[in-house]
Every structure is written in C-alpha cells, then in structure tokens.
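The values are calculated or read from the model by the stated rules, or taken from the named source; none is laboratory data. Just so it is clear, the structure is predicted and the values come from calculations on it, not from any experiment. Because the Cβ atoms are built from the backbone with ideal geometry, glycine has one as well, and the counts that use them run over all protein chains shown.
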Amino acid sequence: MHWVSNAIVVLLAAGAVWVARYAARDRFWRENAAQLWRRRRLAIVVVAVYVFIALLDSISWIDPASEANALTSGRPRTIIDRIFRPETFKEASYSAPLARVAFYGGQPLAHPGAHLLGTDLLGRDVVYRTLKGARVALLIGGLTSLVVIPIALLFGVSAGYWGRRIDDAVFFAMTVLASVPSLLLLIALIMVLGKGTVQVCVALGVTGWVHFCRIARGETLKLREADFVAAARALGVSDVGIIRRHILPNIAHLIIITFALSFTALVLSETILSYLGIGLEGSWGQMIDQARNELSRTPIIWWNLAGASIALFTLVLAVNVIADAMRDIIDPRTRREER
Amino acid sequence: MAAYLLRRVGYGFLTVLGVLFLLFVLFFAVTNPDDIARKAVGERARPEVYAQWKINHGYDKPLFLNRDFAGSDARRYTDTLLAEHYRRMLTFDFGRSDADDSSIAKRLWDGAGPSLTLTVPLFALGLVAGIALALFVAFFRETYIDRAVLVLCMLTMSVASLLYIIAGQYLIGMLLKWFPISGFDPNPAIAARFLALPVLVGVISGLGADVRFLRTVFIEEMSRDYVRTARAKGCGDARVMVRHVLRNALIPILTNVVVQIPFLFTGALLLESFFGIPGLGALTVEAIQGNDFSTLRTMVYLGALLFIIGQILTDISYALADPRVRLS
C-alpha cells in the first residue's frame with residue numbers, strides 16, 4: 001500500500017506546480033495571492049509546516065535498515081518514522097515530558113529526558129504521534145475535498161448551465177442529501193461502509209459534496225446570464241468552452257473559500273467520530289479521546305491531550321484565519337462592510 | 001399562498017421519499033440484512049434462531065422483487081423489504097431495536113423529554129447571549145472592542161467541541177466542584193443542577209460562530225437609510241440599536257433560527273453522552289456503539305424529517321414576515 005501514498009505525494013506536487021503556474025499567469029490570482037501573503041503570513045507558514053510534515057510522513061520505503069529490526073522488517077517506514085525511530089523506544093507506559101526520574105509503575109525509564117512531550121499509556125512518544133496526526137488530518141480535510149470538488153463541480157456546473165432536467169435531478173439529489181443532518185449521515189455511512197481510512201473518506205466525501213455542488217450551481221446560474229457569457233456564445237464558443245474559459249475561473253475563488261471552511265469543519269468533526277469509535281486510526285481526535293480519562297489520574301497526565309489538541313487547534317485556527325482573509329480580499333461586499 | 005404552501009409541502013414529501021430511498025440503499029442494500037442478523041444472534045446460533053430473528057425484525061423478505069408471487073400479482077412488488085421499509089417509516093411504525101429487542105418508539109418517547117430539557121435552555125440561552133454580544137460588538141464596530149471579540153470568536157471556533165466538554169468537566173466539575181460532572185434526574189429542581197454544566201459548555205462552544213454571523217447581519221442593517229433617519233430625528237444610540245436595528249434584523253435571524261427548532265428534539269449527541277443525560281442523542285451514541293442499525297436508521301430518518309419540516313416552516317415564516325418574497 002505504501003506506493004499509493006507515495007504516488008499521491010507525486011500527484012499532489014505536480015498539481016501544486018500546475019496550479020502555481022496557472023495562477024502566476026493570471027493577474028487576479030497573482031495580486032490576490034500576494035495580498036493574502038502580506039496580510040496573513042504567519043497563518044500561511046503554519047499551514048505550510050503542517051503540509052510539509054504530512055508529506056514527510058507520506059513518503060515511505062523499505063530498505064535494509066528497516067529489515068534489520070524485527071519490529072519494522074517488511075514494513076515501509078516514512079521519513080518521520082526514520083527521524084523518530086519508534087522501534088527503539090523502550091518505555092512500556094507513561095513517561096512525563098523530559099522526565100529524569102521514574103514515576104509511573106516503578107520501572108526505571110529507559111530514556112529519561114528523551115521525550116519532549118512524554119509518552120502515552122503504551123510508551124509511544126507523544127510528539128511522534130502528534131506529528132503523525134498531521135497526515136491524517138490533512139487526509140480527512142484536504143484529500144477528501146480535493147477528490148470531491150471535481151465531482152461536485154461537474155454536477156453543479158452542468159446543473160446550473162444546462163438547467164431543466166439535469167438541474168431538477170441534481171437539485172433533488174442535493175436536497176435529499178442536505179436534508180439528512182450531516183453528522184447523522186456521516187455516522188450512518190461509516191456504520192454501513194465499515195471503519196477504515198478509505199471508508200471514512202468516502203463517507204466524508206458523500207456528505208461534503210453537496211456543499212460545493214450547491215455553490216457551483218448557484219454561481220453558474222448567475223454567470224449564465226452574464227454579458228460576457230452571452231458575448232462568448234454570440235462569438236460561437238461551444239458550451240464546454242464557455243464553461244472552461246468563463247464559468248470555472250469565475251467560481252474558483254468561491255470554491256477555494258468553501259474548501260478552506262469545509263476543511264476545518266471536517267477536521268473538527270473527525271474528533272466527534274473518534275469519540276464515537278468510528279474515527280481514523282492515528283488521528284488527533286483519537287488521541288484526545290484516549291486522553292480524556294487520563295486527566296483524573298494522579299499525577300495528572302496532561303501531555304497526550306495537550307499535544308493533540310494544540311496541534312489540532314493551531315491547524316484549524318490557521319486555516320480559519322486564511323479563509324477569513326481570503327473572503328475579505330476576494331468578496332468586495334464583505335470588504336465594504338468590514339472596512 | 002395556498003398554492004405555494006401546497007407545492008412546498010409536496011416537494012417536502014418528495015424529499016422525504018428520497019431520504020427513505022437513501023436509507024434503504026444504505027441500511028438494506030449496502031449492509032446485508034444477513035450480516036445484521038448474524039451480529040445480533042451471534043455467529044454460532046442455530047439456523048432456526050437466526051431465521052426467527054430475521055422474521056421478528058422484519059428482515060426476512062427479498063429486497064426489491066418477491067419471486068414467490070406470479071408476475072401479475074401486485075405482492076411481487078409490495079411484499080418486499082423496500083415496500084415494507086416505506087410503509088413502516090411513513091406510518092411511524094419503527095419496530096424493535098436490533099440490539100436489545102426493545103420498542104424503538106417507546107425509547108424515542110422516553111428520550112425526547114430529557115433531550116428537550118437540555119436543548120431548549122441551550123438554544124434559548126445561546127440565542128440571547130449571541131444576539132446581546134453581537135449587538136454590543138456591532139455597536140462598537142471598527143474599534144478595539146470589536147477586533148478583540150472577533151479574534152476571540154475565531155479562537156473559540158477553532159477548538160473541537162470534544163475539548164470544550166473535557167475542559168468543562170475537568171475545570172468546573174472536578175477542580176472547582178461547582179456542578180456535578182454528569183447525571184440526570186426527572187425532577188426539574190434537581191435536574192437543573194445537572195444541566196447547568198452541559199448548557200454552559202454548549203452555549204460557549206457555539207457562541208463564536210453565532211456572534212460572527214449575527215454581527216454581519218446587524219452591521220448590514222446599520223448601514224441602511226432608516227437607521228440614519230432614526231438618528232436624525234434624535235433617537236438615542238441604545239434605542240436605535242434595539243428598537244430599529246434589532247427589530248429589522250430579526251427577519252434574517254428568524255429564518256436562520258427556525259430551521260434549528262426541530263433539532264431540539266433529536267438532542268445533542270456529544271453533550272448528552274458525556275453528561276449522562278438519557279436523551280435521544282445518548283440513544284444514538286448507544287446505537288452506534290452497539291451496532292443497533294434499526295435505531296440508528298430511525299434516528300437518521302427522524303433527523304431528516306425534522307430538518308425538512310424546519311425548512312418548510314422557515315420558508316413559510318419568511319413568506320409571512322417579508323411580503324416582498326416572491327411566491328412563485
């Protein structure tokens with residue numbers, strides 16, 4: 001399976017290069033991106049760091065060094081695994097951050113002071129688990145949306161552009177899916193499909209699809225009547241050409257903002273799924289869920305909860321801040337209100 | 001108006017049929033009824049027990065087409081799981097739980113009360129707190145107060161709801177010992193003590209998004225001409241905000257709020273399960289953890305039904321409150 005994740009990294013990198021080159025050619029995108037960078041530099045850097053960590057944790061391979069250890073033999077190890085070398089951890093249980101003395105279970109600690117944020121119940125390093133969680137979070141929020149957006153655009157734009165039967169059908173499907181409270185639909189889908197990364201992502205995609213589709217449809221309906229679309233049609237541009245050249249570029253900014261907002265919603269709702277026992281393996285939600293009973297221990301175990309929740313909070317906050325700034329920059333209506 | 005109402009309700013009913021079909025696909029076609037039965041009675045149950053369980057729980061028919069009947073017999077289509085599913089859901093005959101054979105309708109009936117005692121105060125307090133804070137912030141717009149509250153809203157929006165609950169239980173319940181950590185009592189006087197903490201946590205976790213939304217609504221209203229007129233004729237600031245801005249902003253707020261009202265019945269998933277309130281949210285969590293498909297199915301159906309009703313109510317209240325809305 002590890003080559004799938006490697007291939008996705010390559011695909012994402014290629015996609016990012018293509019998007020950057022496309023955006024650099026267009027004045028609208030170049031100027032808005034520059035303005036966003038000026039206004040929200042810190043938030044962008046924070047998100048970039050998370051993406052970088054997630055990429056480090058997505059590239060994996062098997063080599064002789066992995067074969068040497070019984071715990072890792074035959075298993076691909078990611079770059080994060082190679083940096084932290086979890087197979088060398090010798091703790092069997094909790095160890096406090098930077099602990100110098102044994103305090104739990106009476107066993108002397110094998111690596112006192114070696115763990116920046118201590119270890120969890122099974123002796124796993126908290127920093128390591130937190131960093132691994134970044135990949136899961138971006139998988140839930142980012143990759144799911146990236147797969148779903150093209151499908152939603154296909155349905156939404158064709159419904160808005162051609163109207164009639166297609167619109168009726170897409171609108172009905174949207175109404176039905178939107179009628180089911182999203183969390184309940186999500187739970188039902190996961191219960192039915194089974195637990196697992198792919199299943200959870202499919203479930204998130206099915207529920208998140210409607211949101212993008214509705215915006216694409218609404219905007220296309222408006223743009224269809226615009227003068228420049230009428231002009232293009234009068235010049236004999238084909239329907240597909242109009243959609244590609246005139247409609248898609250004009251709804252792209254809304255899709256990006258919706259993407260950012262749905263990203264935070266997805267990452268936050270995964271914590272609820274984790275609490276219900278149907279979340280993703282290794283997510284921050286799972287760490288928080290496991291840590292919630294540790295607060296009542298004496299001495300109090302706070303580092304598991306702290307590691308996961310600070311990582312989660314920082315990512316969600318940064319994306320929220322960026323989404324907010326993007327909306328300010330791109331949507332002139334809110335700009336007039338806020339300034 | 002009558003024609004509009006009829007069309008709106010008709011489309012709502014069509015949506016309900018669509019939701020039921022979605023549920024059928026998910027819970028009968030994708031999940032094999034055989035698997036549900038096997039999970040319920042155990043892998044090593046005798047075939048008779050297994051068959052009887054399927055009959056008791058209404059899983060014993062073919063999905064779409066009953067081949068036991070001849071091609072011309074209508075029962076070929078009506079004596080199937082699909083037809084049965086529609087018939088039972090539309091008549092609110094929810095049957096028995098897959099997990100423990102108890103009547104789902106009774107459990108729903110028992111759970112609605114505790115859910116409402118949590119969600120109604122939560123909803124009312126949240127709304128009042130949100131409107132008050134948003135009015136305050138809108139009044140001080142473009143000042144440091146406004147900026148500070150907006151930043152605070154953004155910060156509180158970025159925290160997972162699970163963390164609010166954990167922090168609330170730990171800080172207020174365990175360290176400060178102001179309120180009991182969890183529990184419930186049918187006696188309202190005692191229940192109030194149990195409900196204080198979940199209501200507080202729920203209000204705080206939802207406040208950020210509400211205040212941001214309401215603030216934009218208020219600010220949009222404040223730029224209208226009638227506000228200038230009110231000021232010009234000598235209205236005080238407070239009077240302008242409450243008498244003029246708040247009153248006119250109630251229409252967009254109303255449409256946003258009415259849709260939430262039906263959900264008061266389905267309860268709060270996380271809050272109920274964490275704070276030990278035996279409501280419908282806790283029932284759903286139990287159903288998830290116990291692989292209780294029939295209860296879950298019923299909850300999803302009820303949630304969708306209530307949402308559709310809420311939407312229809314919203315559209316009607318919108319049409320009533322704003323005569324400009326086109327009824328076409």
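Yes/no matrix, rows are residues, columns are (1) more than 11 Å from every other protein chain (Cβ to nearest Cβ); (2) under 19 Å from B:LEU26 (Cβ atoms):
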position	(1), (2)
B:THR255	yes, no
B:PRO262	no, no
B:ILE288	no, yes
B:ASP292	no, yes
B:ALA304	no, yes
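Of all residues in the range B:262-295, those that are farther than 18 Å from B:SER103 by Cα, small (Gly, Ala, Ser) and part of a helix (DSSP H, G or I) total 1. Out of B:LEU214, B:LEU163, B:LEU200, one residue alone is more than 13 Å from chain A (Cβ to nearest Cβ), closer than 30 Å to A:ARG297 by Cβ and under 27 Å from the mean Cα position of the chain (by Cα). It is B:LEU200. Based on what the data block shows, is B:GLY168 under 17 Å from A:GLU294 (Cα atoms), within 26 Å of the chain's Cα centre (by Cα) and within 14 Å of chain A (Cβ to nearest Cβ)? When the stated conditions are applied, B:GLY168 passes them. No other residue among A:VAL202, A:VAL198 is part of a helix (DSSP H, G or I) and more than 14 Å from chain B (Cβ to nearest Cβ) apart from A:VAL198. Just one of (1) more than 25 Å from the chain's Cα centre (by Cα); (2) within 12 Å of chain B (Cβ to nearest Cβ); (3) touching a residue at least 12 places away in the same chain (Cβ under 8 Å) fails for A:ASP167. It is (2). Among the conditions (1) surrounded by fewer than 17 Cβ atoms within 10 Å (Cβ to Cβ); (2) at negative phi; (3) within 12 Å of another protein chain (Cβ to nearest Cβ), A:GLY277 misses just one, which is (2).
Out of B:ALA51, B:ALA45, B:ALA40, one residue alone is modelled with pLDDT under 75, buried (at least 16 other Cβ atoms within 10 Å of the Cβ) and not β-branched (Val, Ile, Thr). It is B:ALA40.
Count of the range B:249-284 residues, restricted to those that are buried (at least 24 other Cβ atoms within 10 Å of the Cβ), within 22 Å of B:LEU305 (Cα to Cα) and β-branched (Val, Ile, Thr), is 2.
Under the condition of being crowded, with 18+ Cβ neighbours inside 10 Å and of a type in the set (Asp, Glu), the residues counted in the range B:128-149 number 1. Checking A:ILE288, A:ILE255, A:ILE278 one by one, the residue that is more than 16 Å from the chain's Cα centre (by Cα), closer than 22 Å to B:MET157 by Cβ and of a type outside the set (Gly, Ala, Ser) is A:ILE288 and no other.
When B:GLU221 is evaluated against the numbered criteria (1) under 15 Å from B:PHE274 (Cα atoms); (2) free of Cβ contacts under 8 Å to residues at least 40 places away in the same chain; (3) of a type outside the set (S, T, N, Q); (4) surrounded by 17 or more Cβ atoms within 10 Å (Cβ to Cβ), which criterion, by number, is the only one it fails? Evaluating B:GLU221 over (1) under 15 Å from B:PHE274 (Cα atoms); (2) free of Cβ contacts under 8 Å to residues at least 40 places away in the same chain; (3) of a type outside the set (S, T, N, Q); (4) surrounded by 17 or more Cβ atoms within 10 Å (Cβ to Cβ) leaves (1) as the failure.
Taking the listed residues B:GLY276, B:GLY234, the one that is over 17 Å from the mean Cα position of the chain (by Cα), under 22 Å from B:PRO114 (Cβ atoms) and more than 14 Å from every other protein chain (Cβ to nearest Cβ) is B:GLY276, with no other qualifying. Just wondering, is there one or more residues in the range A:259-272 that are outside any loop (DSSP other than H, G, I, E, B), more than 16 Å from the chain's Cα centre (by Cα) and of a type outside the set (Ser, Thr, Tyr)? No; the residues of the range A:259-272 include none that is outside any loop (DSSP other than H, G, I, E, B), more than 16 Å from the chain's Cα centre (by Cα) and of a type outside the set (Ser, Thr, Tyr). Put simply, of A:GLY208, A:GLY241 the only residue that is touching a helix residue (DSSP H, G or I) at 6+ places or on another chain (Cβ under 6 Å), away from every other protein chain (no Cβ under 13 Å) and in a helix (DSSP H, G or I) is A:GLY208.
Within the range A:292-302, one or more residues are more than 8 Å from chain B (Cβ to nearest Cβ), part of a helix (DSSP H, G or I) and either modelled with pLDDT of 85 or more or over 28 Å from A:ILE44 (Cβ atoms) (or both).
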